[in-house]
Structure formats: structure tokens, C-alpha cells
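Just below is one structure, and these are the notes that go with it.
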Amino acid sequence: MNVQKNYAKFARVCGLYLALLTGLIFATSLMIVDNGSKVLAQQAEEQQKNQTSSVPHNAKGHESHQVIIFQNSNDGINYSGTVTFNLSKPADVISFEEVADEQQSTNATKKIWEVGNKKFVPETLLKNVTSGSVNFNGSGILAHSTLSDVYTGTFTLNDTITSNP
């Protein structure tokens with residue numbers, strides 16, 4: 001009978017240990033999930049809060065203009081995506097494509113932006129807007145004002161690389 005009491009006591013201790021261990025594992029997994037959710041929510045919030053002020057445009061002949069760059073160009077990389085934005089002053093939303101060969105850049109029917117030793121063909125997607133959403137394809141996209149007044153903007157960019165060198 002003493003053996004049965006010891007066995008019952010051992011079984012209760014093991015059962016309590018397993019219950020405690022299960023509870024700890026469950027609580028830990030909840031904390032990990034909760035922290036993961038907080039990190040994801042924080043990343044989404046940061047993505048929503050791309051807030052910036054305009055800067056002088058770096059294209060030759062446009063130095064007195066102001067731009068907010070939503071997606072800057074990166075050597076030969078093209079993007080496809082959507083930008084959603086709010087601006088404090090009206091601007092044109094323009095995507096631009098890097099021109100790879102000299103023959104394309106001398107085409108008289110297209111405007112060309114010269115930035116350093118690179119050339120870009122701009123395409124106006126929206127004119128004189130303060131907010132909206134637009135799809136684009138190109139080396140980059142920006143909000144462009146011909147005025148020299150600094151303006152602010154918030155934007156969300158959702159794009160993917162479509163080609164690279």
C-alpha cells in the first residue's frame with residue numbers, strides 16, 4: 001500500500017510539473033506571437049509614415065524646382081508599383097526611366113533629365129495634385145514642383161523590382 005501512495009504522489013508531482021511546463025510554454029508562445037504582431041504593426045506603421053520635405057531637384061536646368069522622391073533610381077533597376085501620397089502643395093507626379101544608350105537620349109520628341117552623367121526620360125502621371133494614388137513603371141518616381149517653395153509630403157510605396165542589370 002505504501003508503494004501505491006508513493007506512486008500516486010509521484011503521479012501528482014509529474015502531473016503538476018507537466019501542467020506547469022505546458023502553461024509556461026503556452027505563455028511564452030503568446031508573448032512571442034504578441035511581440036511578433038507588435039513588430040509587424042510597427043513596420044506597417046513606419047511604412048505608412050514616409051514623411052519628408054521636398055528638396056531641390058538635381059536635374060540640369062531644374063535646380064530651382066522642388067521634388068519629393070518616392071523611389072530613387074538605382075543603376076539600371078526598374079520598378080513597377082503603386083504610390084499613395086498626400087502633399088502640402090500641388091505638384092506633378094512623374095515616373096522616370098534611365099536611358100541606356102546615347103541614341104535614345106538624343107530623340108528630339110522626348111524630354112530628357114540630365115543628372116550627373118546619367119539621362120532619364122520623365123513621364124508625367126498626374127498633374128497639379130496634392131493627394132492620390134498612381135501606378136508606375138520605371139527607374140523611379142517623384143513629386144515635382146516647378147516652384148522653389150519647400151513642401152512636405154507623406155507617402156506609401158508598394159513596388160517590386162521588374163528588371164536589373
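The values are calculated or read from the model by the stated rules, or taken from the named source; none is laboratory data. Model, not experiment: these values are computed from the prediction. Here the Cβ positions follow ideal geometry from the backbone for every residue, glycine too, while neighbour counts run over all protein chains shown.
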Among the residues of region 140-165, write down those that are assigned to a loop (DSSP other than H, G, I, E, B) and either farther than 20 Å from residue 98 by Cα or touching a Lys or Arg at 6+ places or on another chain (Cβ under 9 Å) (or both). 146, 147, 148, 149, 150, 151
Between residues in region 78-92 that are not assigned by TED's automatic domain parsing to the domain that holds residue 127 and residues that are in a strand (DSSP E or B) and modelled with pLDDT under 95, which pairs lie under 6 Å by C-beta distance while being six or more apart or on different chains? none
Count of region 138-152 residues which are under 17 Å from residue 78 (Cα atoms) and surrounded by fewer than 16 Cβ atoms within 10 Å (Cβ to Cβ): 0
Of those in region 35-65 that are surrounded by 10 or more Cβ atoms within 10 Å (Cβ to Cβ) and of a type in the set (D, E, K, R), the residue modelled with the lowest pLDDT is 38
